[in-house]
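The values are calculated or read from the model by the stated rules, or taken from the named source; none is laboratory data. Everything quoted here is computed from the prediction, not taken from an experiment. Here Cβ is always computed from backbone atoms with ideal geometry, including for glycine, and neighbour counts include all displayed protein chains. The accessibility values were calculated without ligands, DNA or RNA, using every heavy atom of the protein model including side chains. Shrake-Rupley method; radii C 1.70, N 1.55, O 1.52, S 1.80 Å.
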Amino acid sequence: MPSPDSPLLFALGLPAGIVLWSFMEYVLHRFAFHEARGSNYGSREHLRHHGSEDTVLESWYLSWTGVALVSLGLIPLLGRLAGAADLGWGVGIGYLVAYGFYDLVHWRAHRRPYANRYEHMVRKHHFTHHFHAPLKNHGVTTPFWDHVFGTYVEVDVVRVPRRMAMRWMIDEHGEVLPEYRSTYELRGTRALDDDQREQDRALAFANQAPTL
Ligand SMILES: [Zn+2]
Ligand SMILES: [Zn+2]
Ligand SMILES: [Zn+2]
């Protein structure tokens with residue numbers, strides 16, 4: 001990577017790259033994954049993520065390769081062509097870092113207890129997307145673009161099918177831990193047979209919330 005000879009332009013590019021990623025996070029998730037309804041590889045993987053609690057970050061090496069090509073290749077190239085190489089690098093690096101942040105926030109939402117108010121807020125937004133309205137709440141690191149594009153929804157309590165409960169929210173008896181009960185409640189039985197798996201998959205690919 002060439003060292004930026006205009007640190008100011010590089011520094012200005014960083015927040016622009018972060019905002020650009022957050023926009024792409026919304027656009028890819030909504031259009032390339034959900035509205036594509038399984039017609040491309042990323043869409044199929046994402047809809048499988050909706051259909052089963054077990055899948056998150058399955059093909060991380062593919063997404064990281066794509067993001068690296070855009071952030072360290074395409075964006076700096078466009079900057080160079082526009083005569084603003086330093087700005088291009090700043091935008092690219094900001095984009096890459098923001099993607100890494102998104103990946104961490106999403107993985108943690110599914111796999112780890114939340115650590116602060118920010119995580120609490122964005123994962124309630126994301127699980128409303130998973131379990132109430134898969135065509136709403138496409139933002140994962142911020143609800144901002146959902147407000148802009150009119151896809152924001154909010155529920156008082158997120159109803160989670162028991163078979164899809166995240167490990168971090170339940171105790172050894174399978175009940176929601178007391179500290180999470182004002183935000184999440186479990187419905188249905190934990191039982192997961194082949195018929196249920198098939199129905200979960202079909203509903204996910206139809207962009208419908210799983211049955212409780
Ligand atoms: Zn998710
Ligand atoms: Zn989704
Ligand atoms: Zn208990």
Fill in the blank from the handout: The long-range amide H neighbours of residue 160, using H built 1.01 Å from N in the peptide plane and a cut-off of under 5 Å, are 185, 186, 187
Completion exercise
For the range 16-24, in residue order, the Karplus 3J(HN,Hα) values (coefficients 6.51, -1.76, 1.60; θ = phi - 60°; whole Hz; Gly and Pro = x) are 5, x, 5, 5, 4, 4, 4, 5, 5
Handout entry: Centre separation in Å (Cα based) which lies between the range 166-206 and the range 57-101
Key = 36
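Calculate the translational D of the chain in whole µm² s⁻¹ from Stokes-Einstein, where the hydrodynamic radius comes from the Kirkwood formula applied to all Cα pairs, the temperature is 4 °C and the viscosity 1.567 mPa s. It would help to have the intermediate numbers written out before the result.
Values: Rh = 18.4 Å.
Estimated diffusion coefficient is 71 µm²/s.
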Practice task
Could you work out how far helix 85-111 tilts from the main Cα principal axis of the chain, as a 0 to 90 degree angle to the nearest 10?
Solution key: 10
Handout entry: Helix 60-69 axis, angle to the chain major axis (alpha carbon atoms, nearest 10°)
Key = 20
Handout entry: Using θ = phi - 60° and Karplus 6.51 cos²θ - 1.76 cosθ + 1.60, couplings along the range 203-210 (whole Hz; Gly, Pro as x)
Key = 5, 4, 6, 9, 6, 10, 5, x
Problem - Solvent-accessible heavy-atom area per residue, rounded to whole Å², over the chain at 1.4 Å - result: 52
Completion exercise
For the chain, the percent of accessible surface on carbon and sulfur atoms (probe 1.4 angstrom, ligands and nucleic acids excluded) is 61
Exercise for the section: Would you mind working out the magnitude of the charge dipole of the range 7-205 relative to its Cα centre, with +1 at each Lys and Arg C-beta and -1 at each Asp and Glu C-beta, to the nearest 20 Debye? Expected result: 180
Fill in the blank from the handout: SASA check, residue 93, accessible area w/ 1.4 Å probe, all protein chains in place, rounded to nearest 10 Å², comes out at 30
Handout entry: Contact order normalised by residue count of the range 7-205, Cα under 8 Å, 6+ apart, percent
Key = 25
